[in-house]
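**Student:** Sharing a structure with you now.
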Amino acid sequence: MELQCQTFNKVEIRVQPSVKVKNGAPISIICHADISKNSDFQLKHNFTIFKDGKLVFMTVSDKEDARYEIPVAKSADTGDYECTVQADGKKGFSNSIYVWVAGMTKPILTADKKEVSEGEVVKLRCELPEEVPPLEFFFRKIKTNSAPKEKRVPEQNQNFSEVEFPVEEGDNILQFDCFGKRQVRSGWESSQHSNSTLVTVKEPFIKPTLITRPSSSNVTEGDQIEFECSTEVAQMRGIEIIFQKNRTILNSVRDEKSLKYSTVATQEDSGEYLCKVEQGAVSKTTKLNVFVSELFPKPTLSASTTKLDENKDLILSCNINGFRRANFSIVRKSSTGDILLKNSRVLAIKVNVNDTGSYTCKAEVKGIVKESKRVRINVYAPVSKPTLSVVSGSPEVVLGKPLQLICHSAMGTPPITFTFYKGDEIKKNVTNDTYAMFLDEDIGLNDNGGYKCDARNNHSSGVKTSNILNVTVIVPIRDASLGSVPYGEVEVGSDTAFLCSVKEGSWPIDFKFFKKTDHEVLLHEVREYSDRTIWHKKTMKRKDTGTYYCMASNRASMDVRSRPITISVILAAWQKGVIAAFVLTAMAGAGAIALWWFLRKKKKAKGPSMEMSGSALAPNLTNEKLTRQPSDGNYYSGSGYIEDNGNHMKSTDESKGPDLESAEVDYTEVEVSSLDPHRDSMENRHSRIYGHPDAT
C-alpha cells in the first residue's frame with residue numbers, strides 16, 4: 001500500500017473587495033492553503049484567522065479556502081490580519097495584511113438641560129457607540145455672530161465623554177455639537193459631527209445703565225456731578241450693584257435695583273467709570289467715560305532766588321495765568337504736614353538756615369483747590385575755618401606708611417566741598433556734609449610739612465583755608481651694630497666701653513644693651529638724640545664673660561637688633577705675677593727644707609766639717625734663676641693692644657689693681673730674675689674699639 005504524503009507550498013491571506021473599505025460596507029477575509037499531495041486523498045484543514053494578534057475566526061474544512069465574513073464593517077475592524085493552517089500534523093503561516101475601514105460612526109450628543117439661566121452650566125455627553133478606545137472627543141459651544149468655543153477631552157478606556165460649559169453674560173440661544181477622532185496608521189481620522197443640541201438662556205437681570213447729571217460731556221470743575229446706575233432684575237434676592245473708577249470702588253448697594261453717587265467735580269475726576277451688577281455667578285457691566293473741563297489752571301509759585309545766604313530777603317509770589325480772582329495761600333511742606341505761612345499771593349521774609357525746604361502755593365475757586373509745583377529754597381550759613389589733623393592723632397608718619405588726614409568745618413550749611421593740598425599741589429576734592437578724608441600713600445623722606453585744606457559751600461563768603469599742618473616723617477631704624485673697647489679679651493677689674501650705633505633712623509633713639517644667658521638680660525638702656533651711644537661698664541669680672549648685643553628703636557615702633565659680640569674676661573698681668581711669685585716662694589721653701597734635711601743627714605755621717613760646707617752652699621741658691629717654660633708657647637705681654645680694621649681708640653681708664661678674691665689661675669709664666677708684680681700696672685696701655693664699623 002502506498003504511503004500518503006502532503007506538504008505546504010504556501011499559505012496566503014486575501015481581502016475582498018479591498019484592503020480599504022468604507023464604514024458600513026461588507027468585507028471578506030480569505031485564508032488559502034496551497035498544499036501538494038502524492039495521491040488523491042481527503043485532507044482536513046484547520047483554519048485560524050487573527051486580528052492584531054487576537055483570534056477572530058476558526059473553522060475546519062476539506063477545502064483549501066476559508067472565508068471570514070464581516071457584513072457591516074466598522075472602524076473597529078481596522079487592523080492587521082493573518083492566518084494559520086494545520087493539516088496532518090503540519091502547519092503553515094501566512095503573511096500579515098492591513099485592513100482599513102475608513103470613516104467613524106456618527107457620535108450622539110445629549111444635554112442635561114434645554115433651558116438655563118446666566119451663570120449656570122450645561123452638562124453635555126458625547127458617545128461613539130461602535131468605536132473602540134482610545135478616542136478623543138471634541139465639544140463645541142456655538143453662539144450667533146461669534147466663533148465657536150471648543151473643548152478637547154481624551155478618553156483612554158471608554159467610548160464616551162462628558163463635559164460642562166458655563167453660561168455667560170450675553171448668551172441667548174446656544175447650540176452644541178461634538179465629534180470624535182481616532183489614530184490610524186496613516187494619522188488621525190475624524191468622525192462626522194453629531195446632532196446639534198439647542199439650549200435656551202434666561203437673563204436673571206438686564207445689563208445695567210449708567211448716566212450722569214449733568215451730561216458726561218458737559219462737566220466743569222466745581223460742578224456737582226451725580227452718577228446713577230440701575231438694572232431690571234427678575235429676582236431681587238442676592239443682587240449687588242458696584243460703582244467704581246479704575247480699580248477703586250466708590251459706592252455699592254445690595255438688594256437694590258439702582259445706585260447713586262455724587263461729588264464736586266475736579267479735573268482728577270476725569271476718566272472711565274464702571275457700573276457692575278452681580279448675582280451669584282452672573283456679572284454684567286456698563287462703562288462710561290467722563291471729561292471734566294478745567295475751571296482754572298494750576299497756580300505757579302516763583303521765588304526771587306532759590307539759593308541765598310542767611311539773613312537775606314526772600315520773596316515768594318503765586319500767580320494763575322489769566323486768572324486773578326482766587327484765594328491764595330503760601331505753605332511750606334514738612335513730613336508732618338503743610339505749614340501755612342500766609343494767606344496771600346505774596347510772601348516776603350528774611351531767611352535763616354531753618355527756612356531751607358520746599359514751598360508751594362494753593363489757589364481756591366468755587367471750592368476747587370489747586371496746588372502749584374514745589375519750589376526748593378536753600379539757605380546757607382558760611383563755613384567756619386576748617387581744621388586739618390592726622391586721623392591717628394599724632395602729626396607724624398613713618399616713612400613708607402600711608403598718612404590719613406581729616407579736614408573738618410564745625411559750621412556751615414552742607415554740602416561742603418573740601419580741597420586738600422600738599423604744598424601748592426591740589427591732591428583731592430571731596431564734597432560732604434561736615435568733614436572729608438584724604439589718604440596720602442606717597443610719603444617721601446622730605447615730606448615734612450605743607451599740608452592744608454580749603455572748605456567752601458554755596459555761601460557768598462567764599463573759601464576758608466586751614467592752618468598749614470606740618471607732619472614729621474619718622475625714618476625707621478636700619479642696621480644696628482655693636483662694638484667694644486677692649487674687644488674680645490678684657491682684663492679682670494678693667495672697664496669696658498660698649499658702642500651701639502645705627503646707620504639710619506629718626507631721633508630720639510632708644511638704645512638697649514643685653515647679655516645672652518638662658519634668658520635675655522637687660523643691662524642698660526638710654527634715649528639719645530644721636531645715632532649712637534656709649535655705655536661704660538665698670539670693673540669687669542670673670543662672670544661678665546659672655547655674648548652681648550644691643551637693640552635700637554624709635555617712634556617707628558620697630559626694634560632693630562645688632563649682631564652679637566663675645567667678651568672674654570681674663571686675669572691682669574700683675575695678678576699673674578703675684579701668683580707666680582707665690583708659687584716660686586713655695587717652691588724655694590720646699591727646696592730649702594729638702595737641702596736642710598740632706599745636710600743634716602750628711603752631718604751626722606761626716607761630722608761638723610760637713611755642716612760648714614752645707615752653709616756655704618745656701619747663699620749661692622739666691623743667685624740661681626729658677627725658670628718654667630710655658631706649656632703652650634703663648635705669653636700675654638699686658639701691653640693692652642688688640643687690632644681690628646685699623647680703627648683706634650684709647651682706653652679711658654688704667655688698671656685698677658688686683659682683685660685677688662675673684663682671681664682665678666688660668667696659666668703661669670715665671671722668670672725669677674725679672675719678677676716685678678707692679679711693673680705692668682705702671683705702663684701706659686692704649687686700646688682701640690674692635691668689632692664696630694663706626695669706631696673712632
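The values are calculated or read from the model by the stated rules, or taken from the named source; none is laboratory data. Note that this is a predicted model, so its numbers are computed, not measured. FYI the Cβ positions are ideal-geometry reconstructions off the backbone, even for glycines, and counts take in every protein chain you see. Just so you know, the surface numbers come from the protein's heavy atoms only, side chains and all, with ligands and any DNA or RNA stripped out. Shrake-Rupley method; radii C 1.70, N 1.55, O 1.52, S 1.80 Å.
**Student:** Hey, among Ala348, Ala281, which residue is out of contact with any His (no Cβ under 9 Å at 6 or more places or on another chain), open to solvent by 30 Å² or more (accessible area, probe 1.4 Å) and under 30 Å from Gly238 (Cβ atoms)?
**Tutor:** From the options Ala348, Ala281, the qualifying one is Ala281.
**Student:** Also, I was wondering about something else. Given the conditions (1) open to solvent by less than 30 Å² (accessible area, probe 1.4 Å); (2) part of a strand (DSSP E or B), and given that Gly222 satisfies all but one, which numbered condition is not satisfied?
**Tutor:** Gly222 satisfies every listed condition except (2).
**Student:** Going by what's in this entry, would Lys422 be described as in contact (Cβ under 8 Å) with a residue 40 or more places away in the chain, within 23 Å of Lys464 (Cα to Cα) and touching a strand residue (DSSP E or B) at 6+ places or on another chain (Cβ under 7 Å)?
**Tutor:** no
**Student:** Does the range 367-407 hold any residues that are part of a strand (DSSP E or B) and open to solvent by 70 Å² or more (accessible area, probe 1.4 Å), and which are they?
**Tutor:** Val369, Arg376, Thr387, Gln404
**Student:** Any residue at all in the range 171-183 that's farther than 30 Å from Gly367 by Cα, among the basic types (Lys, Arg) and either out of contact with any Cys (no Cβ under 9 Å at 6 or more places or on another chain) or surrounded by fewer than 19 Cβ atoms within 10 Å (Cβ to Cβ) (or both)?
**Tutor:** Checking the range 171-183: at least one residue is farther than 30 Å from Gly367 by Cα, among the basic types (Lys, Arg) and either out of contact with any Cys (no Cβ under 9 Å at 6 or more places or on another chain) or surrounded by fewer than 19 Cβ atoms within 10 Å (Cβ to Cβ) (or both).
**Student:** Quick check on my filter: what residues within the range 3-32 are closer than 24 Å to Asp88 by Cβ and touching a Gly at 6+ places or on another chain (Cβ under 6 Å)?
**Tutor:** If the condition is that a residue be closer than 24 Å to Asp88 by Cβ and touching a Gly at 6+ places or on another chain (Cβ under 6 Å), then Phe8, Val11 are the ones that fit.
**Student:** Going by the conditions given, is Asp479 of a type outside the set (Gly, Ala, Ser), within 23 Å of Lys537 (Cα to Cα) and open to solvent by less than 80 Å² (accessible area, probe 1.4 Å)?
**Tutor:** Values: of a type outside the set (Gly, Ala, Ser): yes; within 23 Å of Lys537 (Cα to Cα): no; open to solvent by less than 80 Å² (accessible area, probe 1.4 Å): yes.
Considered against the rule, which asks whether it is of a type outside the set (Gly, Ala, Ser), within 23 Å of Lys537 (Cα to Cα) and open to solvent by less than 80 Å² (accessible area, probe 1.4 Å), Asp479 comes out as no.
**Student:** Within the range 194-219, track down each residue that is open to solvent by 80 Å² or more (accessible area, probe 1.4 Å), more than 60 Å from the chain's Cα centre (by Cα) and under 30 Å from Phe139 (Cα atoms).
**Tutor:** Matches in the range 194-219: Leu198, Lys202, Glu203.
**Student:** Further, regarding this structure: Do you know which residues across the range 266-275 are open to solvent by less than 50 Å² (accessible area, probe 1.4 Å) and either charged (D, E, K, R) or over 54 Å from the mean Cα position of the chain (by Cα) (or both)?
**Tutor:** Of everything in the range 266-275, just one residue is open to solvent by less than 50 Å² (accessible area, probe 1.4 Å) and either charged (D, E, K, R) or over 54 Å from the mean Cα position of the chain (by Cα) (or both), namely Asp269.
**Student:** List the strands (runs of 3 or more DSSP E) that sit entirely inside the range 263-306 and contain at least 1 residues that are closer than 30 Å to His459 by Cα.
**Tutor:** Numbers: elements: 271-279, 282-290, 300-303.
Once the strands (runs of 3 or more DSSP E) in the range 263-306 are filtered for at least 1 residues that are closer than 30 Å to His459 by Cα, what remains is 300-303.
**Student:** For Val253, indicate whether it is of a type outside the set (Ser, Thr, Tyr), modelled with pLDDT of 90 or more and either open to solvent by less than 80 Å² (accessible area, probe 1.4 Å) or assigned by the TED database to the domain that holds Glu364 (or both).
**Tutor:** Criteria met by Val253.
**Student:** Mind listing just one residue for me: the one in the range 217-241 that is out of contact with any Leu (no Cβ under 8 Å at 6 or more places or on another chain) and of a type in the set (A, V, I, L, M) and, of those, modelled with the highest pLDDT?
**Tutor:** By that ranking, first place goes to Ile225.
Matching residues to (1) open to solvent by less than 50 Å² (accessible area, probe 1.4 Å); (2) among the acidic types (Asp, Glu); (3) within 30 Å of Thr105 (Cβ to Cβ):
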residue: Gln6; (1), (2), (3): yes, no, no
residue: Glu12; (1), (2), (3): no, yes, no
residue: Pro17; (1), (2), (3): no, no, yes
residue: Val21; (1), (2), (3): yes, no, yes
residue: Ile27; (1), (2), (3): yes, no, yes
residue: Asn38; (1), (2), (3): no, no, no
residue: Leu43; (1), (2), (3): yes, no, no
residue: Asn46; (1), (2), (3): no, no, no
residue: Lys51; (1), (2), (3): yes, no, yes
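**Student:** On to the next question. Of the residues in the range 136-165, how many are open to solvent by less than 60 Å² (accessible area, probe 1.4 Å) and not in a loop (DSSP other than H, G, I, E, B)?
**Tutor:** 13
**Student:** Those residues that are hydroxyl-bearing (Ser, Thr, Tyr) and within 30 Å of Leu308 (Cβ to Cβ), I need them from the range 416-462; list them, please.
**Tutor:** Thr417, Thr419, Tyr421, Thr431, Thr434, Tyr435, Ser460, Ser461
**Student:** Can we say Asn446 is of a type in the set (S, T, N, Q), assigned to a loop (DSSP other than H, G, I, E, B), outside the structural domain of Asp559 (by the TED database) and at pLDDT below 90?
**Tutor:** Yes; evaluated as a whole, the condition is true for this residue.
**Student:** If I filter the range 349-372 for residues that are under 30 Å from Ser506 (Cα atoms) and out of contact with any Leu (no Cβ under 8 Å at 6 or more places or on another chain), do I get at least one hit?
**Tutor:** no
**Student:** List the pairs whose first member sits in the range 226-247 and is at positive phi, whose second member is open to solvent by 40 Å² or more (accessible area, probe 1.4 Å), and whose Cβ atoms are under 8 Å apart, counting only residues at least 6 apart or on separate chains?
**Tutor:** Here the result reads Gly238/Asp255; Gly238/Gly280; Asn246/Glu272, each pair linking the range 226-247 to a residue that is open to solvent by 40 Å² or more (accessible area, probe 1.4 Å).
**Student:** Inspect the range 415-423 for any residue being part of a strand (DSSP E or B) and under 30 Å from Ile477 (Cα atoms) and give the result as yes or no.
**Tutor:** Checked against the condition, which is being part of a strand (DSSP E or B) and under 30 Å from Ile477 (Cα atoms), the range 415-423 yields at least one hit.
**Student:** Which numbered condition in (1) over 30 Å from Leu399 (Cβ atoms); (2) open to solvent by 20 Å² or more (accessible area, probe 1.4 Å) is the only one that Val569 fails?
**Tutor:** (2)
**Student:** For the subset of the range 425-443 comprising residues that are of a type in the set (A, V, I, L, M) and either touching a residue at least 12 places away in the same chain (Cβ under 8 Å) or under 16 Å from His459 (Cβ atoms) (or both), which member is most open to solvent (accessible area, probe 1.4 Å)?
**Tutor:** The selected residue is Leu439.
**Student:** Taking the stated definitions as given, is Ser75 open to solvent by less than 30 Å² (accessible area, probe 1.4 Å), under 30 Å from Cys178 (Cα atoms) and of a type in the set (S, T, N, Q)?
**Tutor:** Here the answer is yes, as Ser75 does meet what is asked.
**Student:** Still on this model: Let me confirm something: among Asn145, Asn46, Asn38, Asn95, which residue is modelled with pLDDT under 90 and assigned by the TED database to the domain that holds Val19?
**Tutor:** None of the others qualify; the one that does is Asn38.
**Student:** Checking the structure you have, find out if any residue of the range 304-322 is open to solvent by 40 Å² or more (accessible area, probe 1.4 Å), free of Cβ contacts under 8 Å to residues at least 24 places away in the same chain and within 30 Å of Cys407 (Cβ to Cβ).
**Tutor:** Looking for residues that are open to solvent by 40 Å² or more (accessible area, probe 1.4 Å), free of Cβ contacts under 8 Å to residues at least 24 places away in the same chain and within 30 Å of Cys407 (Cβ to Cβ), one finds at least one in the range 304-322, hence yes.
**Student:** Please work out if Ser329 is open to solvent by less than 80 Å² (accessible area, probe 1.4 Å) and assigned to a strand (DSSP E or B).
**Tutor:** In short, yes.
**Student:** Could you look through the range 495-510, keep only residues that are buried (at least 21 other Cβ atoms within 10 Å of the Cβ) and within 20 Å of Leu523 (Cα to Cα), and pick out the one that is modelled with the lowest pLDDT? Walk me through how you get there before you give the answer.
**Tutor:** Filtering the range 495-510 for residues buried (at least 21 other Cβ atoms within 10 Å of the Cβ) gives 496, 498-502, 505, 509.
After this cut, where a residue has to be within 20 Å of Leu523 (Cα to Cα) as well, the list is 496, 498-502, 509.
Working: Thr496: 89, Phe498: 92, Leu499: 93, Cys500: 95, Ser501: 94, Val502: 93, Ile509: 93.
The extreme case among them is Thr496.
**Student:** Also, I was wondering about something else. Working carefully through the options Val85, Val56, find the one that is without any contact (Cβ under 8 Å) to a residue 60 or more places away in the chain, surrounded by 15 or more Cβ atoms within 10 Å (Cβ to Cβ) and within 30 Å of Gln42 (Cα to Cα).
**Tutor:** Val56
**Student:** Check Met558, Met540 and return the single one that is open to solvent by less than 30 Å² (accessible area, probe 1.4 Å) and either hydroxyl-bearing (Ser, Thr, Tyr) or not in a strand (DSSP E or B) (or both).
**Tutor:** Met540
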